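Okay, structure first, notes after.
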Amino acid sequence: MLALGLIGGCGKPSKGKDGGKQSGSKKEEPPESRRINSGPGNMTRSSETNRGTKLWHIEWQSVQLALSDDQAMGGSMKTVTGIMYKDGADASTFDAEGADADKETNTLKLWGKVTVRSKEHQATLTCEKLTWHADRGVLEASGVVTVVYKDYTLGPFERLLCSPELQYVSTPDLFKEPK
């Protein structure tokens, strides 16, 4: 919240006497960008179209936000842990070196030593990158993907698609989207 308060308080920098225009220059400058670093925090993302159903909860140790003069905002969270939800109920927990969240597409991208754990199915997925497509109910894992169950291990694979509770795991060519 502190980082968001800081962003809201930042005004546009002064453009000087000529209003930021250079005489005779036809080249348009890209929006100026500012970076804001902040410490630990957390957030819960809920669906805007499905009665506020929880999609994921994430906690981070640090975050870097970027804000440009055209008010576009982005950023990355570092050293993350959290929960992915299926139909509003806990499906799995995760941890990773970093994450990026996209509000427009309801996706959460995890990267760096990603681990997903399903208590219900006693399974652990590890990979280099993972995208949680919350609206579709699909995990997309890539980079040395391994899934360890109580009695057996799958992988390594270059890419797998899974349900968030790790009940259904498949290569992309055989995966059936949940309904």
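The values are calculated or read from the model by the stated rules, or taken from the named source; none is laboratory data. Predicted, not measured: the structure shown is a model, and the values here were computed from it. Heads up, the Cβs are rebuilt from the backbone with ideal geometry, glycines too, and the neighbour counts pull from every protein chain shown. Just the protein is used for accessible areas: all its heavy atoms, side chains included, with ligands, DNA and RNA removed. Shrake-Rupley method; radii C 1.70, N 1.55, O 1.52, S 1.80 Å.
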If you check Glu128 against the conditions, is it of a type in the set (Asp, Glu), open to solvent by 60 Å² or more (accessible area, probe 1.4 Å) and either at pLDDT 95 or above or part of a strand (DSSP E or B) (or both)?
yes
Out of contact with any Ser or Thr (no Cβ under 9 Å at 6 or more places or on another chain) and modelled with pLDDT of 90 or more, is that true of Ala99?
no
Just a yes or no: is a residue in the stretch 142-161 aliphatic (A, V, I, L, M) and within 21 Å of Asn42 (Cα to Cα)?
no
Taking the conditions exactly as written (in contact with a Leu (Cβ under 6 Å, 6 or more places away or on another chain), under 30 Å from Leu174 (Cβ atoms), open to solvent by less than 30 Å² (accessible area, probe 1.4 Å) and not hydroxyl-bearing (Ser, Thr, Tyr)), does Ala123 satisfy them or not?
yes
Just to be sure I understand the filter: pairs with C-beta atoms under 7 Å, separated by 6 or more residues or on different chains, first member in the stretch 147-176 and within 11 Å of Ala123 (Cα to Cα) and at pLDDT 95 or above, second member in a loop (DSSP other than H, G, I, E, B) and of a type in the set (Asp, Glu). Which pairs pass?
Glu165/Glu120
What residue, among those in the stretch 86-110 that are under 26 Å from Leu65 (Cβ atoms) and part of a loop (DSSP other than H, G, I, E, B), is most open to solvent (accessible area, probe 1.4 Å)?
Glu104
Considering each of Lys150, Lys113 in turn, give the residue that is open to solvent by 10 Å² or more (accessible area, probe 1.4 Å), basic (Lys, Arg) and part of a strand (DSSP E or B).
Lys113
